[in-house]
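Okay, so here's the structure we're looking at.
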Amino acid sequence: QVQLVESGGGLVQAGGSLSLSCAASGRTFSIYAMGWFRQAPGKEREFVARISWSGGSTWYADSVKGRFTISRDNAKNTVYLRMNSLKAEDTAVYYCAASATYYPSSSREYDYWGQGTQVTVSS
């Protein structure tokens, strides 16, 4: 089993920045790709960003491209999400997820999930 714990959420004004962290513990050697998802009230969970095991490849949703940056530190078993130029529509619960596959193509291919951290952007 792998445990994921997110931190760093909070309240920020539009145009501001926040950084999220996700610390993994347990059988971390079984993790390859890691990702961030978010779910706004009344909406389905959506993909935000993904990073490969090496950190050399990243993918972003169009809605956050150029504003968010995902990174990871395998020595610390931690993945990060730096969010700049935040907008009110970025308000959501943000979830960290880990996959035992190299290139998960959907949320169904993520095996472990964190409990989520709230990000609220005031306009």
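The values are calculated or read from the model by the stated rules, or taken from the named source; none is laboratory data. Owing to the predicted nature of the structure, the values given are computational and were not obtained by experimental measurement. Because the Cβ atoms are built from the backbone with ideal geometry, glycine has one as well, and the counts that use them run over all protein chains shown. Just so you know, the surface numbers come from the protein's heavy atoms only, side chains and all, with ligands and any DNA or RNA stripped out. Shrake-Rupley method; radii C 1.70, N 1.55, O 1.52, S 1.80 Å.
For region 1-65, which GluC sites (Glu not before Pro) are both in a DSSP coil and crowded by at most 16 other Cβ atoms within 10 Å? Kindly include the intermediate steps, with their values, before the conclusion.
Details: sites: E6, E44, E46; in loops: E44.
Hits after loop and neighbour filter: E44.
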When averaged across all projection directions, what area in nm² does the alpha-carbon convex hull of the chain cover? 6.8 nm²
Cleavage-rule hits, trypsin sites (Lys or Arg not before Pro), region 19-123, DSSP coil, Cβ neighbours within 10 Å at most 16: R27, K43, R45, K65, R67, K76, K87
Of the heavy-atom accessible surface of the chain (probe 1.4 angstrom), what whole percent is carbon and sulfur? 48 percent
In Å and from the alpha-carbon atoms only, list the Rg and Dmax of region 10-58. 13.8, 38
How much accessible area per residue does the chain have, counting only protein heavy atoms and a probe of 1.4 Å, in square angstrom? 52 Å²
Can you give the % of DSSP beta bridges in the chain that are antiparallel, to the nearest 5? 90 percent
Taking Cα centroids, how far is region 99-123 from region 31-54 in Å? 3 Å
Once you list every other residue whose beta carbon is under 13 Å from the beta carbon of Q118, what net charge do they have if Lys and Arg are +1 and Asp and Glu are -1? -1
With +1 assigned to the C-beta of every Lys and Arg and -1 to the C-beta of every Asp and Glu, and no other charges, what is the dipole magnitude of the chain about the Cα centre in debye, to the nearest 20? 140 debye
